[in-house]
Amino acid sequence: AVYESTFYLNGKKVHYQQNGTEPFEVDVTDAFLPGKPNELLVSLRDWLAYSPKNRERLKKGEPLSLRRDMTYPVGHGMKWNGFGIPGPVTLETRPDVFVDDVFVVTNYREKKLKLRYKINNLSDAKRNVTVKPVVLDNGKPALTLPPKTVAIEPGKTQEFFIEKSWPNPTLWEPDAPHLYVLK
């Protein structure tokens, strides 16, 4: 497992991450060279990242002490041979204005669906964005929420809510799992 990682793009440090077993994102925009070859280097360290005393023991050729002298809690199984990146790595581009997060709040008692959007504007200009959420059930619209237009200042993040009553959704049950997709 990877416990510590440092990311360099074109020789510039772009990110440091502890607890690399959890999913995370790295923004490399500032070091990226559009239209040119780019070199991404990733430095990884195993559980020894959280044990300075064990790093010293390793240098001296002494036996290591698992789960002792740790500066950070490590609660899952550690493997000595766990070097490398443990999961998939995806490199993606995003437009200057994008949906960073959508938090879905369901309220069964009030028969309502509420969405909290977080949209980033990384551009140098104010942008007007219109969000038109639709809940799909097997690819077909099950609920269309009202569209909302927001103005987002350059370099800022805008959060807002969109909600609508939903009187009869099909509920998820262990014996009858039913999932919707938000588009």
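The values are calculated or read from the model by the stated rules, or taken from the named source; none is laboratory data. Just so it is clear, the model here is predicted, and its values are computed rather than measured. A quick note on method: Cβ atoms are made from the backbone with ideal geometry, for glycine too, and the neighbour counts reach across all protein chains shown. Please note that ligands, DNA and RNA were not included when accessible areas were found on the heavy atoms of the full protein model with its side chains. Shrake-Rupley method; radii C 1.70, N 1.55, O 1.52, S 1.80 Å.
Just a few scattered comments:
- Residues that are open to solvent by 50 Å² or more (accessible area, probe 1.4 Å) and among the small types (Gly, Ala, Ser) were ranked within the range 143-183; the one that is farthest from ARG116 (Cα to Cα) is ALA176.
- Failed criterion for VAL99 (all others in (1) open to solvent by 90 Å² or more (accessible area, probe 1.4 Å); (2) among the β-branched types (Val, Ile, Thr); (3) under 30 Å from PHE7 (Cα atoms) hold): (1)
- In the range 88-134, of all residues being of a type in the set (S, T, N, Q) and over 17 Å from the mean Cα position of the chain (by Cα), the one that is farthest from VAL181 (Cα to Cα) corresponds to SER123.
- If only residues of the range 7-25 that are closer than 15 Å to VAL89 by Cβ and loosely packed, with under 15 Cβ neighbours inside 10 Å are counted, the one that is modelled with the highest pLDDT is GLU25.
- Only one entry of THR157, THR170 meets the criterion of being over 30 Å from ASP30 (Cα atoms), in contact with an Asp or Glu (Cβ under 8 Å, 6 or more places away or on another chain) and in contact (Cβ under 8 Å) with a residue 24 or more places away in the chain, and that entry is THR170.
- PRO34 satisfies every condition listed in (1) closer than 22 Å to ASP96 by Cα; (2) more than 23 Å from the chain's Cα centre (by Cα); (3) modelled with pLDDT of 90 or more except (3).
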